[in-house]
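A short write-up of the structure that comes next.
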Amino acid sequence: MRLVTFEHGGSRRLGVRTGDAIVDLSQADASLPTNMRDFLAAGESALSSAKSAADKGEHTIPAADVKICAPINNPEKVVCIGLNYADHAKESGMDVPPEPVVFSKYASCIIDPGDKIVAPSVSNEVDYEVELVVVIGKSGRNISEADALSHVAGYTVGHDVSARDYQLQKPGGQWMMGKTFDTFAPLGPDLVTSDEIADPGNLDIRCILNGETVQESNTCQLIFNVQTLITYLSHVFTLTPGDIIFTGTPSGVGMGRTPQVWLKEGDVVVCEIDGIGRLENPVVSD
Ligand code: ZN
């Protein structure tokens, strides 16, 4: 299923994308939660109710008549993995890490497809990063690699917008400030349930800046795959439904180019993963 969060008629609720239409889950089953985090926490019963509503195909709204939102905008955790493609570690001038590099963003960074990325005037080095995003569906701690994918609700596309000067040149020596400006986590459009993704480790991924492909890779290039990341993270904290994991970006970011490329007013960034979706956001300056 392609689960969506959408706005229509003044309210924000959940649906299933079927071709050019959205099945309105609130109309199909009024007992279903209207936000994705609660929906995922409701587990298998909510998923099967959504599936039967999608199969019936009633209560549809043309997709063109709704605003598609980020599939989830209130996760408990937004976990991010750095330097998880070998070619990106190299272009960043850093070694391939022996274990995952983990940092976080705040949920307040999340914006919808089509919303404006605001390049802050205090940064001169705002960069793009396309990433596969894992959405957790089932709680767990100390999850084994064999069980890891059973904790995944699905996948979406994320854009880990990064102010490199704040990420790399501040005295704290860690990345958070450069990653957490408002609007720095475009997400969506669809949450594609894991049953539709045969192998999250074999997905073509790319970023297109103003019509030019600037990042192009495949998730088979991930140093630490989805299973390994879930196991690694869950040894530290409980993963809960709705938590999202940005899995890292391939090479081609603006920082690694000659000359370097930084996002500016008027740019349009498309982040795309085959079989999952296309996330487009314009850039403005504040
Ligand atoms: Zn990233």
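The values are calculated or read from the model by the stated rules, or taken from the named source; none is laboratory data. As the structure is a prediction and not an experimental result, all values here were calculated from the model. Glycine also receives a Cβ, built like all others from the backbone with ideal geometry; neighbour counts cover every protein chain displayed. With ligands, DNA and RNA removed, areas are computed over all heavy atoms of the protein, side chains included. Shrake-Rupley method; radii C 1.70, N 1.55, O 1.52, S 1.80 Å.
If you average the sequence gap of Cα pairs under 8 Å that are 6 or more apart and divide by the length of the chain, what percent do you get for the contact order?
24
Can you work out the Karplus-derived ³J(HN,Hα) for every residue in the range 138-144? Use 6.51 cos²θ - 1.76 cosθ + 1.60 with θ = phi - 60°, whole Hz, and x for glycine or proline.
Values, residue by residue: 9, 4, x, 10, 6, 7, 7 Hz.
Dipole of the range 2-69 (Lys/Arg Cβ +1, Asp/Glu Cβ -1, origin at the Cα centre): which of A30, F6, H59 lies farthest to the positive side?
Of the listed residues, the answer is F6.
Mind ordering 208-219, 268-279 by average Cβ neighbours within 10 Å, highest first?
Going by the mean number of other Cβ atoms within 10 Å, highest first, we get 268-279, 208-219.
For the chain, just run the numbers: alpha carbon Rg, then divide by 2.2 N^0.38 Å, N being how many residues it has.
0.97
Between K67 and C220, what's the calculated FRET efficiency when r is the beta-carbon distance and R0 is 51 Å? Round to 0.05.
Efficiency, rounded to the nearest 0.05: 0.90.
For q values of 0.22 Å⁻¹, compute log₁₀ I(q)/I(0) with the Debye formula on a Cα-only model of the range 181-264, without solvent.
The calculated log intensity ratios at q = 0.22 Å⁻¹ are -1.34.
Roughly how big is the range 2-69's charge dipole about its Cα centre, with Cβ charges of +1 (Lys, Arg) and -1 (Asp, Glu), in debye to the nearest 20?
About 180 debye.
Which trypsin sites (Lys or Arg not before Pro) from the range 119-228 combine a DSSP loop assignment with at most 16 other Cβ atoms within 10 Å?
Listed in order of number, the matching sites are R141.
Can you send over the carbon and sulfur percentage of the accessible area for the chain, probe radius 1.4 Å, protein chains only?
Taking all protein chains in place, the chain shows 49 percent carbon and sulfur surface.
Rounded, prolate or oblate: which fits the range 2-69 when a ≥ b ≥ c are the square roots of the eigenvalues of the alpha-carbon gyration tensor, with rounded for a/c under 1.5 and prolate only if a/b beats b/c?
It comes out oblate by the Cα gyration axes.
Which longest run of the chain has no exposed loop site in it, a site being chymotrypsin sites (Phe, Trp or Tyr not before Pro) in a DSSP loop with at most 16 other beta carbons within 10 Å, and the site itself not part of the run?
By the stated rule (loop sites, at most 16 other Cβ atoms within 10 Å), 107-236.
I'd like the Karplus ³J(HN,Hα) series for the range 6-22: coefficients 6.51, -1.76, 1.60, θ = phi - 60°, whole numbers in Hz, and an x wherever there's a Gly or Pro.
These are the phi-based 3J(HN,Hα) values: 9, 10, 7, x, x, 10, 10, 8, 9, x, 10, 7, 10, x, 8, 10, 10 Hz.
What number does the range 19-163 give for Rg over Rh if you use C-alpha atoms and the Kirkwood radius?
Here the Rg-to-Rh quotient is 1.02.
Any idea what % of Cα-Cα pairs in the range 175-225 are farther than 13 Å?
74
Using the crude model of +1 on Lys and Arg Cβ and -1 on Asp and Glu Cβ, and no other charge, please compute the dipole size for the chain relative to its Cα centre, in debye to 20.
520
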